[in-house]
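Colleague: Sharing a structure below in C-alpha cells format, with a few things to ask.
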Amino acid sequence: MERRTALRLIAGGVAAEQLDAAQHHLVTIARAPGAYKLQFFSPAQNEVVDRLAEMIIPADDHSPGAHDARVSLFIDLMVTNSARSIQEGWLAGLTAVDDEARTRFQKPFLKCGAAEQNDILAAMAVNEQRPGTPLEHFFVRLKSMTVDGYYTSQVGLHNDLRYKGNTVLADFPGCTHPGHHT
C-alpha cells in the first residue's frame, strides 16, 4: 500500500469518528439536552449564545423559541467540529458583544436589561446585508447558525413548521393568508 493511500484511509477514519461523535451528540441534544456537555463554549459564553439566539427566534403563541429548541447546544457542537479559524471567530464575536455592552451600558451583555440587550442586537443587525464591523459579521454568522439549529430541531420542525412527516397529500392548498392568493 502506498503511503498516500494509507494517509487517506487514516484521515477518512478520523473524519468518520468525528461524524459518528457529532451524530451521537445531536441525538443527545434532541432526546436528553440535560445530558449534553458543552464542548467548546464556557457556560457563560453559552448563556450569551442562548440569549442572543432566543432574541433572534423568540418563543411566541405559535411555537417555542430558540432556547427551548436548545439552539445554543447545536451551535456549540457545530463550532466544536469547525476549523480553528471559525472557532476563533466565535470567540471574537462573543467578545465583541460584551465590548459593545460595556461601551454602551458599562456592563457585560448578560448584566444588561432586556431593552439594553435589544439595543445591542439592533446594533449587531444594522448592516446585515453588508456587514462591516466584527460585531456585524458575528451577527450574520450567529443568525445563520440559529436558523439552522432551530429548523433542524424537533421544536422548529414540528412545532413551528408543523411538519407531519412523509404523508400523501390529496391536494396542495397553497397559502391561505389574505392578500397572498394568486
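Colleague: Take the range 74-90 and flag every residue that is among the small types (G, A, S) and assigned to a loop (DSSP other than H, G, I, E, B).
Modeller: S82, A83, listed by residue number.
Colleague: With respect to the numbered conditions (1) of a type in the set (A, V, I, L, M, F, W, C); (2) assigned to a loop (DSSP other than H, G, I, E, B); (3) within 23 Å of A122 (Cα to Cα), which one is the sole condition not fulfilled by F41?
Modeller: In the conditions (1) of a type in the set (A, V, I, L, M, F, W, C); (2) assigned to a loop (DSSP other than H, G, I, E, B); (3) within 23 Å of A122 (Cα to Cα), F41 misses (3) alone.
Colleague: Sticking with this structure for a sec: Evaluate the following for L26: is it at pLDDT below 80, in a helix (DSSP H, G or I) and loosely packed, with under 15 Cβ neighbours inside 10 Å?
Modeller: For L26, the condition - at pLDDT below 80, in a helix (DSSP H, G or I) and loosely packed, with under 15 Cβ neighbours inside 10 Å - is not met.
Colleague: Here's another thing I want to ask about it. How many residues does the range 53-73 hold that are closer than 18 Å to T152 by Cβ and not in a loop (DSSP other than H, G, I, E, B)?
Modeller: The total comes to 6.
Listed here are the residues, each with its yes/no results for (1) at pLDDT 95 or above; (2) under 22 Å from L73 (Cα atoms).
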site	(1), (2)
E116	yes, no
E128	no, no
D148	no, yes
G156	no, yes
T176	no, no
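Colleague: Being among the hydroxyl-bearing types (S, T, Y) and either within 14 Å of the chain's Cα centre (by Cα) or surrounded by 18 or more Cβ atoms within 10 Å (Cβ to Cβ) (or both), is that true of even one residue in the range 73-96?
Modeller: yes
Colleague: For the range 116-143, which residues satisfy the criterion of being part of a loop (DSSP other than H, G, I, E, B) and among the acidic types (D, E)?
Modeller: Of everything in the range 116-143, just one residue is part of a loop (DSSP other than H, G, I, E, B) and among the acidic types (D, E), namely E128.
The values are calculated or read from the model by the stated rules, or taken from the named source; none is laboratory data. What you are looking at is a predicted structure, and each value in this text was computed from that prediction instead of being measured. Virtual Cβ from ideal backbone geometry, glycine too; neighbours counted across all protein chains shown.
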